[in-house]
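Only one structure is covered here, and it is reproduced in the block below.
Each value in this text was obtained by applying a stated rule to the coordinates, not by laboratory testing. Owing to the predicted nature of the structure, the values given are computational and were not obtained by experimental measurement. As a convention, Cβ positions derive from the backbone with ideal geometry for all residues, glycine included, and neighbour counts pool all protein chains shown.
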2 protein chains.
Amino acid sequence: MFDPVEKLKEFIRHPSVSTDPKFKDGMRGAQAFVTELLGGMGFKVEAIPTPIHPIIWAQRGGDPSWPHVIIYGHYDVQPADPLNLWQTPAFEPTIRGNRLYGRGAADNKGPLLANIAAVASLLEKNPKIPLRLTFLIEGEEEMGSPSFHAFLEKHRDRFRGADFVFLSDTALPTEQQVVITCGLRGLALFDVIVIGPKGDLHSGLHGGVLRNPIQALTEICATLHTPDGRVNVPGFYDEVRDVEPWERAELKKLGADEAAYAKFLGIEAFYTPPGFSPSEAIRFQPTLEFNGIGGGYQGEGTKTVIPSRAFAKISCRLVPNQEPGKIKELVIAAIRARAPTDVKLEFADQHHGDPYIVVPPGRPNTPPNQSPILARAFRATDAAVTEIWGRPPVYLREGGSVPIIADIKRMTGLDSVMFGLFLPEDNLHAPNESFNLDVMRKGSATIEKILAAVAAG
Amino acid sequence: MFDPVEKLKEFIRHPSVSTDPKFKDGMRGAQAFVTELLGGMGFKVEAIPTPIHPIIWAQRGGDPSWPHVIIYGHYDVQPADPLNLWQTPAFEPTIRGNRLYGRGAADNKGPLLANIAAVASLLEKNPKIPLRLTFLIEGEEEMGSPSFHAFLEKHRDRFRGADFVFLSDTALPTEQQVVITCGLRGLALFDVIVIGPKGDLHSGLHGGVLRNPIQALTEICATLHTPDGRVNVPGFYDEVRDVEPWERAELKKLGADEAAYAKFLGIEAFYTPPGFSPSEAIRFQPTLEFNGIGGGYQGEGTKTVIPSRAFAKISCRLVPNQEPGKIKELVIAAIRARAPTDVKLEFADQHHGDPYIVVPPGRPNTPPNQSPILARAFRATDAAVTEIWGRPPVYLREGGSVPIIADIKRMTGLDSVMFGLFLPEDNLHAPNESFNLDVMRKGSATIEKILAAVAAG
């Protein structure tokens, strides 16, 4: 059995920045590292090519009657810039206290290694355990997984007979409290472009005869919310899933210090839809946000121009059971209906992703046909977390989006058990990223117990 | 008597770009050119220093009982970029057809030389003419005349006993029709900045709990106009001067092809305040325009951020008798009153300028105490234009702003006779600027007659 901390150091030393072609060697090194590690554990490892970075598919087969768990992770990392803000170099792993510092330590190399170490330990103790295992480790997560959808289409057969997906790529609120993520918001993104005169105009020579595209854009955008904080688009909420009382009760277990949260954000007051606290609104309600707006002169001083166009970048976070395509249509229809007729509109479609929800067993709204092995995995997770962390996990939907989880569900029927291992203080995507080695050890021990229980039936 | 076209070529060869320190030699060359030319005509020439570029003050004195005309012009030009779009080099004057091409040909070197040539011809024919003349030629007009206000304050005495200012720095609508500009709009400019959370936020982790600053900004901006095209700020129109029937009648003489104008602008429909045609709205109504808006992510693709701030750059074009300072206060007060309370506001003051109006003699609203010499100048202009151009001038207020004209009026009491000589097709501030040499000749002959008539009394 290898030393997980030493292996994590080795993994971090490969600078596997997927978005930057300069790091081709780091990507290859990280792939080779994973291939060698899993190969050494007896897995049959394939590197499945994609247009960008290959997906590692590593199998431990077995009798088709055995449960089959697919463990997801990613070997790529965010860029390390700005490098000068790192206390120790991003790709030279360094231990300070109970933390290992380095780019990718928490996202996702540490949590992925906690899973691999759990499997290694399990197989060492019980080489004949009746459990099929597949590691599915992609190299484009930090790019938005552009090749994943086509991979699922092409390799759908590989998922046949699998029981569920397990992953550690979500967060713990504190070192004491495990959260099992049971839902993710979806996304629908597009740009709206308002087009006025054919060129920028002098505001003295022509000001007063036409509607300024910036004015038209603000008039459109200002209609998209109600004063009380709901999205003001007909039909927007039609498919929004009701929040179960047990979901609100779970959230209450976390405790919510709203004053501290407002201070953290630096805002004067919250602005949530009626009936939802801030922590509920994030998880249970959809949004329409303006991620960017632009038009005309934005430099120092002044330029008295009437611009020919202005744009806003809009994103909706969606909750089950909203459909991104339908929501985009509704919002665009509302914009078209409300736009003044003296300007032209264009829309630029951006990406989208479905929302996702999985209900643990034993809840009032658990699907009656839930897979028994998925239910067993949830029960095993609850028991193992309670034993090792001293208290049961909390089951929560989250506000963020991991579109591949909904894609896997839609295209293969598989649900996911999301057992997060990174902490808010781990500095994901930021300088001085680190991973808590106590969390790594406890996480790995927990995962080993979960897998053993799934195999035991 | 010099050849005005040859002199204009010589003037253009000095690349007097005031905004770019690289053109220091060109600025010095243009100053020396003007100094030598006017000195050769018997003027006492001074270069009055300012913090940036000196002002040329050239006098032909005489008996204090003689009329005193101050002729304004500027020796600086706009940058010539983009150079690759010029058919012949910007600072190598070239004649094609009846046009002289080169940066500054129309703005303002050609029109200024038409004035200087008129004076030269007048003095050659009548060296003892009872007329005091001062050329006031600045070098910062294309920078917004930043030193002019302080110059007026410091040298107010120099203007004592003068009768009016004469200048050719406005436009003719066509080669056949002279316009005497009788009014200019003022300006009041500022930025509004809406501040939300203390840093940019992830729209998944935090979206749904706070008002996005872009949303707040659009909600504010959308309140600033009424659907029918007026500025929706209490008190905004209180001081707006009524439009005289004769002003609308003058404008009708030009004829207005609204369909052609809409096509030129490239707009679907006009959007003017009720009761004003497009050409009236530009001249007689104030505006509130958004010259720029910005916030959040503006690049390709998407970034799902809630930005910490957003801003708009606002300018109001003002008509007599609106005061820029008061208008700024009214608009800012309206914004404060309408802004949601969950964001913070900041304002950045930008520059401003007063509107200007001068009423020709014999109109129902001509001031009863109008200077007889100013009245004489207007009548002389009307007669000379009618004789040389075959039809009388049209007297119009314009939509643009030349803040120094109002500054001169406020600080010295002097009105201006604005006899424009450039045409829409002259490409001011653009590549391939040119000046129509027929207009130059006719303009110069007209100015000579005007000055002779002012002197004759």
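In peptide B:308-318, what is the residue-averaged number of other protein chain Cβ atoms found within 10 Å of each Cβ?
Numbers: counts 3, 0, 4, 2, 6, 10, 2, 9, 2, 5, 0.
Mean inter-chain Cβ contacts per residue within 10 Å come to 4.
Summing Cβ point charges (Lys, Arg +1; Asp, Glu -1) relative to the Cα centre of segment A:306-427 gives a dipole of roughly 360 debye.
Bridges between two residues of chain B, per DSSP, are antiparallel at a rate of about 70%. From the largest down, the protein assembly as shown spans 120, 50, 45 angstrom on the principal axes of its Cα atoms. Inverting the pair-averaged 1/r between distinct Cα atoms of segment B:145-283 gives 20.8 Å as its Kirkwood hydrodynamic radius.
Taking the label point as lying 7 angstrom from Cα along the Cα-to-Cβ axis, what are the distances from B:PRO127 to the corresponding position in the remaining copies, in ascending order and in nanometres? Values, ascending and in nm: 12.3.
Report D for segment A:242-314 in µm² per second (integer): Stokes-Einstein, Kirkwood Rh on Cα pairs, 25 °C, 0.890 mPa s.
Values: Rh = 15.9 Å.
Here the translational diffusion coefficient equals 154 µm²/s.
How would you classify segment B:213-264 from its alpha-carbon gyration tensor, with a ≥ b ≥ c the square roots of the eigenvalues: rounded for a/c under 1.5, else prolate if a/b is greater than b/c, otherwise oblate? The shape class here is oblate. Ranked from shortest, the separations from the 7 Å Cα-to-Cβ label point of B:PRO49 to its equivalents in the other copies are 7.4 nm. Which distances, shortest first and in nm, link A:GLY62 to the matching position in the other copies, using label points set 7 Å out along Cα to C-beta? Those separations, rounded to one decimal, come out as 11.2 nm.
What do you get for Rg/Rh over segment B:1-66 if you use C-alpha atoms and the Kirkwood form of Rh?
Numbers: Rg = 13.8 Å, Rh = 13.2 Å.
So for segment B:1-66, dividing Rg by the Kirkwood Rh gives 1.05.
First measure r as the distance between the Cβ atoms of B:HIS149 and A:ARG13, then evaluate 1/(1 + (r/R0)^6) with R0 = 41 Å and state the FRET efficiency to the nearest 0.05. That gives a FRET efficiency of 0.05. For the pair B:ASN365 and A:ALA269, label points projected 7 Å from Cα toward Cβ lie 4.5 nm apart.
Show that you can apply the helix-only estimate: for chain B, add -39,500 (n - 2.57) for every DSSP H stretch of four or more residues, divide by all residues, and state [θ] at 222 nm to the nearest 500. Display every interim value, and only then the final one.
Working: 12 runs with 146 residues, N = 457.
Taken over chain B, the calculation gives -10000 deg cm²/dmol.
List the residues of segment B:399-428 whose backbone N lies under 17 Å from a point placed 7 Å from the Cα of B:LYS326 along the Cα-to-Cβ direction. B:410, by backbone N distance to the label point.
Cβ-to-Cβ counts within 10 Å put A:ARG317, A:ARG211 in ascending order as A:ARG211, A:ARG317, the fewest first. In chain B, Rg over Rh equals 1.01, where Rg is the alpha-carbon radius of gyration and Rh the Kirkwood radius from pairwise Cα distances. Just need log10 I(q)/I(0) for segment A:90-186 at q = 0.11, 0.14, 0.17 Å⁻¹, Debye formula, equal scatterers on the alpha-carbon atoms, no solvent, rounded to two decimals. Taken in order of the listed q values, log10 I(q)/I(0) reads -0.48, -0.79, -1.12. Ordering B:THR341, A:THR412 by the number of other Cβ atoms within 10 Å of each residue's own Cβ, fewest first, gives B:THR341, A:THR412.
Remark on B:ARG99: its backbone amide H falls under 5 Å from those of B:LEU437, a criterion applied only to residues 5 or more positions apart or on other chains, H modelled at 1.01 Å from N. Between the helical axis of A:110-125 and the longest alpha-carbon principal axis of chain A there is an angle of about 20 degrees.
Under a point-charge model restricted to the Cβ atoms of Lys and Arg (+1) and Asp and Glu (-1), what is the dipole moment magnitude of the protein assembly as shown relative to its Cα centre, in debye to the nearest 20? Please report the intermediate quantities before stating the final value.
Working: 96 positive and 108 negative charges, 37 e Å.
It comes to approximately 180 debye.
With everything on Cα atoms, drop me the angle between helix B:437-456 and the longest principal axis of chain B, reported from 0 to 90° to the nearest 10. Taking the Cα atoms of chain B, the angle to B:437-456 is about 70 degrees. Positive end of the dipole of segment A:173-268 (Cβ unit charges, origin at the Cα centre): among A:VAL194, A:TRP246, A:THR181, the Cα lying farthest that way belongs to A:VAL194. Model label sites at A:LEU345 and B:SER277, defined 7 Å from Cα along the beta-carbon direction, differ in position by 3.3 nm.
For segment B:240-333, which GluC sites (Glu not before Pro) are in a loop by DSSP, counting at most 10 other Cβ atoms within 10 Å? Write down the numbers at each step before the final one.
Values: sites: B:GLU247, B:GLU250, B:GLU258, B:GLU268, B:GLU280, B:GLU289, B:GLU300, B:GLU329; in loops: B:GLU268, B:GLU300.
Qualifying residues, ordered by number: B:GLU300.
Once you order the gyration tensor axes a ≥ b ≥ c over the Cα atoms, which shape class does segment B:257-358 get: rounded for a/c under 1.5, otherwise prolate or oblate by comparing a/b with b/c? Verdict is oblate for segment B:257-358. Rounded to the nearest 10 degrees, what's the angle between the helix B:24-40 long axis and the longest principal axis of chain B, both from Cα atoms, 0 to 90? That works out to roughly 30 degrees. The charge dipole of segment A:1-75, taken about its Cα centre with unit charges on the Cβ atoms of Lys, Arg (+1), Asp and Glu (-1) only, comes to about 160 debye.
Fewest first, what order do B:ASP426, A:ASP81, A:ASP438 take by the number of other Cβ atoms within 10 Å? Intermediate values should be presented prior to the final figure.
Working: B:ASP426 22, A:ASP81 13, A:ASP438 10.
The fewest-first ordering by Cβ neighbours comes to A:ASP438, A:ASP81, B:ASP426.
Report D for segment A:62-146 in µm² per second (integer): Stokes-Einstein, Kirkwood Rh on Cα pairs, 20 °C, 1.002 mPa s.
Numbers: Rh = 15.1 Å.
Approximately 142 µm²/s, per Stokes-Einstein.
Would you be so kind as to identify which of B:VAL233, B:SER203, B:LEU265 lies farthest towards the positive end of the dipole of segment B:138-296, taking Lys and Arg as +1 and Asp and Glu as -1 on Cβ and the Cα centre as origin? Looking along the dipole axis, the top candidate is B:SER203. Its residue count N fixes a reference of 2.2 N^0.38 Å for segment A:336-447, and the Cα radius of gyration divided by that reference is 1.52.
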